[in-house]
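The values are calculated or read from the model by the stated rules, or taken from the named source; none is laboratory data. Source: prediction; values computed, not measured. Here the Cβ positions follow ideal geometry from the backbone for every residue, glycine too, while neighbour counts run over all protein chains shown. Keep in mind that these areas ignore ligands, DNA and RNA; they rest on the heavy atoms of the full protein, side chains included. Shrake-Rupley method; radii C 1.70, N 1.55, O 1.52, S 1.80 Å.
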Amino acid sequence: MPTVAIIGAGCSGITALKNCLAQDLSVVCFEANSDLGGNWIYNTEPSHSSVCETTHIISSKTLSAYLDYPMPEDYPDYPSHDQVLAYFRSYADHFGLREYIRFNTRVARAELQPDQSWELTLANGRVEQFNYLLTANGHHHEARHPAGISEAFTGRYLHSHDYKNNKAFADERVLVIGSGNSGCDCAVEISRVAKKVDISIRRPHYIIPKFFLGRPSDTFNKTLQYLPGWLARLGQKITLRIQVGRYAEYGLEEPTGPVTKNHPTLNSELLYKIRHGKVHPRRGVTNIDGNVVTFKDGSQGTYDTIVAATGYKITFPFFDKAVVS
Ligand SMILES: Cc1cc2nc3c(=O)[nH]c(=O)nc-3n(C[C@H](O)[C@H](O)[C@H](O)COP(=O)(O)OP(=O)(O)OC[C@H]3O[C@@H](n4cnc5c(N)ncnc54)[C@H](O)[C@@H]3O)c2cc1C
C-alpha cells in the first residue's frame, strides 16, 4: 500500500488526511503544534497563527465549510476565529483523524530520493520514508516586512502577524501600511481606541462590504457565476456601485478592471470609519524620517506606531531550494 506523509494539520492538512484515508492509503500527518487548527489557534504570544483577538472570517460560513461537513446551523454568517477552530477540530473528530496526526512533530527536512520517494527528517532526529508527500504548512505565518521601515522609523513598528488586539494603541497616532484584509481589519480595530489612524493604500483596489441584499457577498457573487463571464463581471461592478458609490467619495482612488481581478478585500467597516473621520486614507509611502512619513502625494504624517500589513512570504523551509525555489 502506498505511504503518504502530510506536513501540517491546519484545515488543508486535515482534509488531505481525510481524503487519503478514504482511498485506503497509509498516511501520517506531522504537526509541529500540540493540536490541530494552524492559523486558527489564536495565541497572544508569537506563534504560527496570524489571527487576532477580534478576527472573524471574511469568507462566509457557507463557502468556507467542507462540502461534506457544513458548519453548525447556529453559527453566524461570519464566525469568529474560535468558532472556526472548533469547527475544524469537530471535523477531525467526526472523521476520526486525530490518531493519524503526530503532534509536536516538526518536519525539519524533506528530501526527494532517486527512486522518487521522500525521506523526512523530523526535528526530533527520526528519519522516515514515504512514497508520497503532501505539504500543507500554511502560507500566512511568515511576515513579509517592507524594506527599510524598521530602520528608518523611530517609533514602534510591528507587522500585522504580531498584532493581537488594540489595547496597546490607546491615544496613539497610528499608520497602517497596506489595505488588504489584515490592513483593513487592523485599521478599523485600532481606530476604536487610537487618537488617529491613517491607512496607506499604494494601489487602488475594491473594498467590498460583507453583505449584499442581506446575504453574505460571496454567496451572492457565487450566484452570478452562472451568468456568462462578461455579464457576471458587469453584475459585480453594478452591485458594488449600488452598495458603495464612487470610491472617490471616501478619498480613495477609483479601481479599474474586474472586481475579482485580485484577492478580494472584504470589509464592511473601513468605508464607514473613513466617513466617520476615524480612519484616514493616505497614498503609498515614499519616505520615512524619524516619526514623519511622507506619502506619494507629498503629504506628511507623524506617527507613534506603524503596523505593516504587507502580507506573508510563502516558504517551505524543509525543502532544498532546488525543489521549490
Ligand atoms: C488573519 C487571517 C484571516 C484569514 N481569514 C480567512 C478567511 O476568512 N477565509 C479563508 O478562506 N482564509 C482565510 N485566511 C487564510 C488562511 O491561511 C486559511 O484560512 C487557512 O488557515 C489555511 O490553512 P492551511 O491548512 O493551509 O494552513 P495553516 O492554517 O497555516 O496550517 C498549517 C499547519 O502546518 C503546521 N506546520 C508548518 N510547518 C510545519 C512543519 N515543518 N512540520 C510540521 N508541521 C508544520 C503548522 O503548525 C500549522 O498547524 C486568513 C488568514 C489570516 C492570517
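Quick check on my filter: what residues within region 19-54 are within 21 Å of Leu120 (Cα to Cα) and more than 8 Å from the ligand (Cβ to nearest atom)?
Cys20, Leu21, Leu25, Ser26, Val27, Val28, Cys29, Ser34, Asp35
Would you please name the residue that is farthest from Pro317 (Cα to Cα), looking only at residues in region 1-18 that are open to solvent by 10 Å² or more (accessible area, probe 1.4 Å) and away from the ligand (no atom under 13 Å from the Cβ)?
Going through the qualifying residues, I end up with Met1.
Can you tell me which residue is farthest from the ligand (Cβ to nearest atom) among those in region 273-298 that are out of contact with any Ser or Thr (no Cβ under 7 Å at 6 or more places or on another chain) and more than 15 Å from Val197 (Cα to Cα)?
Gly298
Scan (1) at pLDDT 95 or above; (2) open to solvent by less than 50 Å² (accessible area, probe 1.4 Å) for the single condition Tyr272 breaks and write down its number.
(2)
Tell me which residues, restricted to region 19-40, are surrounded by 21 or more Cβ atoms within 10 Å (Cβ to Cβ) and not in a helix (DSSP H, G or I).
Val27, Cys29, Phe30, Glu31, Leu36, Gly37
With Leu67, Leu17 as the choices, which residue is in contact with a strand residue (DSSP E or B) (Cβ under 8 Å, 6 or more places away or on another chain), aliphatic (A, V, I, L, M) and modelled with pLDDT of 95 or more?
Answer to the check: Leu17.
Among the listed residues Lys195, Lys164, identify the single one that is open to solvent by 60 Å² or more (accessible area, probe 1.4 Å), at pLDDT 95 or above, in contact with an Asp or Glu (Cβ under 7 Å, 6 or more places away or on another chain) and of a type outside the set (S, T, N, Q).
Lys195
Could you tell me which residue of region 219-233 is least open to solvent (accessible area, probe 1.4 Å), considering only residues that are part of a helix (DSSP H, G or I) and among the hydroxyl-bearing types (Ser, Thr, Tyr)?
Ranking the candidates gives Thr219 first.
In this structure, does Asp35 turn out to be acidic (Asp, Glu) and within 28 Å of Asn165 (Cβ to Cβ)?
So Asp35 passes the test.
May I ask you to list pairs of residues, at least six apart or on different chains, whose Cβ atoms are under 9 Å apart, with the first in region 72-88 being within 15 Å of Thr15 (Cα to Cα) and touching a residue at least 12 places away in the same chain (Cβ under 8 Å) and the second being among the β-branched types (Val, Ile, Thr) and assigned to a helix (DSSP H, G or I)?
Phe88/Ile14
Can you name every residue in region 41-76 that is surrounded by fewer than 18 Cβ atoms within 10 Å (Cβ to Cβ) and among the charged types (D, E, K, R)?
Glu45, Glu53, Asp68, Glu73, Asp74
Of all residues in region 301-319, how many are surrounded by 16 or more Cβ atoms within 10 Å (Cβ to Cβ), out of contact with any His (no Cβ under 6 Å at 6 or more places or on another chain) and farther than 28 Å from Ala108 by Cα?
The number of residues fulfilling the criteria is 7.
Within region 234-257, track down each residue that is open to solvent by 50 Å² or more (accessible area, probe 1.4 Å), touching a residue at least 24 places away in the same chain (Cβ under 8 Å) and assigned to a loop (DSSP other than H, G, I, E, B).
Glu253, Glu254, Thr256
Only one of Gly138, Gly178, Gly125 is within 16 Å of the ligand (Cβ to nearest atom) and under 17 Å from Val279 (Cα atoms); which?
Gly178
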